[in-house]
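Quick note: the coordinates plus some simple rules give every number you see, no bench work behind them. Everything numeric here is computed off the predicted structure, so don't read it as measured data. Note that each Cβ is placed from the backbone with ideal geometry, even for glycine, and that neighbours are counted across all protein chains shown.
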Amino acid sequence: MRLLPLVLLSLTLTVSALSEEGPTIDDLPGGSPIGAEISELATKLSMAEALIRAGNPDKALDVIAEVEALDTFGSYSTECLYYRGFAYNQMGDLDASETFYLEALESSPDNTVLMLGLAKTYLDAERYDDAEQTFADVLANKPEEPTALTGLGYLAILAGDAAGARDYLDRAVEADPDGATAYGYLGLVLMQEGDYAGAQARLEKAVALDPANVTANYNLASIYFMNEDYASAAEHYYTVVSQVPDDHESRYYLALCFEALGLYADAYEHVRAIIDGGGTVPGVIELEMRLRGKVGGGE
């Protein structure tokens, strides 16, 4: 079973999402100078978000600086602070990320998007008490906010509180039936409790919603492997190693699946990738020797 860092899948932002009330860009008079300026700035902020999500937060910061320079009316000062917090989080500068989120919250207290961004930064900094408090603050305003519930479920797993985790995660998937992260962690909790059938159902749901979810794919593959469904296990282990090539453990189990399926050349290729990559998975040398004989002798 594997527990990877929480990914807040619900934490997406469009350029007017921080304004929980009041006019949006579309409400502005068409063709007015203010409307034209805001439309341009909104486009730039959308570009900044795309750059952050594409792994270019440094370039996003340049775009945010352009918006700040052009924002004559201060229409997007809070959004700019949010995106700075987001960008610095992606760059690993968690102190700067916290600073910008907190500054944004000064002008927009109790804003859910900002609070979730701050909680994510606390999680990444392993400041779990601060993350827990921030998620709890979100729930004080929105008791069934699914991302906050998922975050608290994740923290409960880390604390070894399976019952608490299951409660939060059940609420999360009820609030958001499309919450892949919550389904994935709920599956993990059920695995820990020995309910493999229940775990499989939740993990399959997680993968259906988010086919690239590494945690859900790994844990689902583990259940299939345990049940000797090697073809299904191989499919999900392959998804993991395609995204995380140096995950030697997943690659080892993928090789075992291929061996069980009689695909010895494929199995050998993955075993060599482990060894050549410096992997030290127990049993890999013995597997390499066994496969070398099968590949050398023909399939």
Per 0.36 nm of contour for each residue apart, how much would the distance between S107 and D246 grow if the chain were fully extended, relative to their Cα-Cα spacing? 45.7 nm
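So, counting K/R as plus one and D/E as minus one, what does the shell of residues with Cβ under 13 Å around A180 add up to?
For residues surrounding A180, the net value is -2.
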Measure nothing fancy, just the Cα-based angle from helix 94-107's long axis to the longest principal axis of the chain, in degrees from 0 to 90, nearest 10. 40 degrees
For a label point 7 Å along the Cα-to-beta-carbon line of R272, residues of the stretch 212-251 with backbone N under 20 Å: 238, 241-242, 245-251
Under 11 Å, Cβ to Cβ, from Y224 - net charge with Lys/Arg +1 and Asp/Glu -1: -4
Per the charge dipole of the chain (beta-carbon charges, Lys/Arg positive, Asp/Glu negative, Cα centre), the residue among A69, S97, L152 reaching farthest to the positive end is L152
How tilted is helix 57-70 with respect to the longest principal axis of the chain? Cα atoms for both, answer in degrees (0 to 90, nearest 10). 10 degrees
In degrees, nearest ten, helix 230-243 long axis to first principal axis of the chain (Cα): 50 degrees
Qualifying lysines (Cα of each under 16 Å from Cα of K59; at least 8 residues distant if same chain): K44
Taking the simple approach of a point 7 Å from Cα along Cα-to-Cβ for both D170 and D58, what is their distance in nm? 4.8 nm
Simple spin-label model, 7 Å along Cα-to-Cβ: K294 to R127 in nm? 5.1 nm
